Amino acid sequence: MLVHAIPTNATYEFAEDVRDGLTRPGQKELPSKYFYDDVGSALFEVISRLPEYGLTRADERLLRRHADEIVSRLAGPVAVAELGSGSGKKTRWLLQALAQRQRTFYYPVELSRSALAMCERELSDIDSISILGFEREYLDGLLEVAACRERGQHLLVLFLGSTIGNFDRVAGVRFLAEIRRILEPGDSLLLGTDLEKSSAQLLQAYDDELGVTAAFNLNLLARINRELGGNFTLGQFAHAPRVNHEARSVEMHLRSKCRQTVSIAEAELDVEFLEDETIWTESSHKYLAEEIFKIGLEAGFRCEAQWIDQQWPFAENLLIAE
Ligand code: AVI
């Protein structure tokens with residue numbers, strides 16, 4: 001697989017975002033996109049296999065069961081762009097179904113180079129598939145993919161695993177509208193969305209017994225130590241998930257166990273934490289199945305079909321650009 005690498009100064013942007021988030025008046029925040037360095041991506045792979053976290057398995061089940069039907073609803077020829085491909089494991093079924101009907105170009109867009117490499121290892125045995133990875137932010141990568149599409153070729157964008165849930169609701173619709181702007185009428189978006197479930201089930205999923213999700217959350221501080229010269233003592237912070245009923249989300253926080261000051265050299269920053277003060281690191285929004293039709297319309301898509309997993313409420317939505 002060829003990989004187009006990131007041209008920007010990633011360390012500088014990381015330091016800027018950390019400074020912004022930790023100096024914000026009121027609630028301190030860090031953007032969840034920084035979870036996914038090599039360690040974080042590996043931890044997320046483990047999370048997706050935990051018995052408490054059924055989201056990824058539900059996504060995979062739906063794709064495996066309905067790949068042929070999904071592909072049959074797409075006007076061909078089709079090239080596939082995946083935003084946040086991860087290991088690429090769950091994309092296999094769709095690519096196999098498409099490859100039976102045409103030679104298929106698959107463009108994974110990922111910030112993590114190791115995830116792109118994993119994706120190639122996972123999928124390169126499928127006949128009639130060419131893989132070209134883009135080590136980019138999602139929309140930058142999608143713009144490049146769209147620029148190299150051939151005449152008459154449709155694009156299928158995959159945004160799976162309920163990554164949309166990690167945006168706040170307004171930003172999520174805005175992001176889908178940005179995708180729509182890059183697409184042509186008749187192109188499609190397959191959107192995975194985790195559906196609402198009980199608070200008890202959500203808290204189990206985001207606070208597993210083995211502590212993998214806690215390690216995933218704390219790795220953000222470890223990454224700041226590694227890459228930005230931070231001196232966070234990890235043992236002085238605790239993983240603190242909570243359900244936000246009003247926002248219909250699970251939030252992950254890191255709670256300072258004591259009053260402390262942390263220095264981050266590359267961000268030229270000393271930050272004070274009170275005992276029990278938290279850093280908000282992620283929101284994971286949950287949806288009602290019927291809500292997706294409305295969100296799609298607001299962003300310029302019509303919902304062509306929706307498949308729902310019965311074991312772990314999760315919806316796969318095929319949206320067509322109008
Ligand atoms: C990637 N994303 C959809 C996951 C989620 O469920 O929000 C990330 C995650 N955070 C904690 N566990 C998994």
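What's the Kirkwood radius of the stretch 1-123 in Å, using all Cα pairs? Don't skip to the end; give the middle numbers.
Numbers: mean 1/r = 0.0597 Å⁻¹.
For the stretch 1-123, inverting the mean 1/r across all distinct Cα pairs yields 16.7 Å.
Give the peptides 68-75, 235-242 in descending order of average Cβ contacts within 10 Å, highest first. List each step's numbers first, then the result.
Details: 68-75: 15.8, 235-242: 17.2.
Those peptides, ordered most packed to least, come out 235-242, 68-75.
Per the Debye formula with a single identical scatterer at each Cα and no solvent contribution, what log10 I(q)/I(0) holds for the stretch 233-322 at q = 0.10, 0.12, 0.15, 0.24 Å⁻¹? Taking Cα atoms of the stretch 233-322 as identical point scatterers yields -0.49, -0.61, -0.74, -1.20. For the stretch 28-64, GluC sites (Glu not before Pro) are listed when DSSP marks them as loop and at most 13 other Cβ atoms sit within 10 Å of their Cβ; the list is empty.
Here the spin labels are modelled as points 7 Å beyond Cα on the Cα-Cβ line, and at Arg121 and Ser263 they lie 3.9 nm apart. In the chain, what is the volume of the convex hull around the alpha carbon atoms, normalised per residue and reported in Å³? In the chain, the Cα convex hull volume per residue is 127 Å³. Between 0 and 90 degrees, the angle of helix 138-147 with respect to the longest Cα principal axis of the chain falls at about 30 degrees.
So what's the angle, to the nearest 10 degrees on a 0 to 90 scale, between helix 55-72 and the longest Cα principal axis of the chain? Rounded to the nearest ten degrees, it is 20. Heavy-atom accessible surface of Trp93, to the nearest 10 Å², is about 80 Å², with a 1.4 Å probe and all protein chains retained.
At q = 0.31 Å⁻¹, what log₁₀ I(q)/I(0) does a Debye calculation on the Cα points of the stretch 101-159 give, no solvent, two decimals? Summing over Cα pairs of the stretch 101-159 leads to -1.38. Relative to the current alpha-carbon distance between Ser128 and Cys148, full extension at 0.36 nm per residue lengthens the span by 5.3 nm. Annotation: extensible slack from Phe167 through Arg302 equals 46.5 nm (criterion: 0.36 nm per residue apart, minus Cα-Cα distance). Quick note on the stretch 61-116: its Rg to Rh ratio, both from C-alpha atoms and Rh being the Kirkwood radius, is 0.98. Take each peptide in 257-265, 98-106, 11-19, count the other Cβ atoms within 10 Å of every residue, and average; sorted highest first, the result is 98-106, 11-19, 257-265.
Mean projected area of the Cα convex hull of the stretch 155-309, taken over all directions, amounts to 11.4 nm². Candidate cross-link partners of Lys197 among the aspartates and glutamates, defined by an alpha-carbon separation under 17 Å and a same-chain spacing of 8 or more, comprise Glu52, Asp59, Asp207, Asp208, Glu246, Glu251, Glu290, Glu291, Asp309, Glu316. By how many degrees, 0 to 90 and rounded to 10, does the Cα axis of helix 10-22 deviate from the longest principal axis of the chain? Between helix and principal axis, roughly 60 degrees.
Do the sum for the chain: with -39,500 (n - 2.57) for every DSSP H run of n ≥ 4, divided by all residues, what is the mean residue ellipticity at 222 nm, to the nearest 500 deg cm²/dmol? Mind showing how you got there, number by number?
Details: 10 runs with 117 residues, N = 322.
For the chain, the value works out to -11000 deg cm²/dmol.
With the simple spin-label model, which puts each label point 7 Å out from Cα in the Cβ direction, the Asp276 to Arg113 separation comes to 4.5 nm.
Semi-axes of the equivalent ellipsoid of the stretch 89-192 are 22, 17, 13 Å, computed as sqrt(5λ) over the eigenvalues of the C-alpha gyration tensor in descending order.
The values are calculated or read from the model by the stated rules, or taken from the named source; none is laboratory data. Everything numeric here is computed off the predicted structure, so don't read it as measured data. All Cβ positions, glycine included, derive from the backbone under ideal geometry; neighbour counts span all protein chains shown. These accessible areas exclude ligands, DNA and RNA; they are computed on the full protein's heavy atoms, side chains included. Shrake-Rupley method; radii C 1.70, N 1.55, O 1.52, S 1.80 Å.
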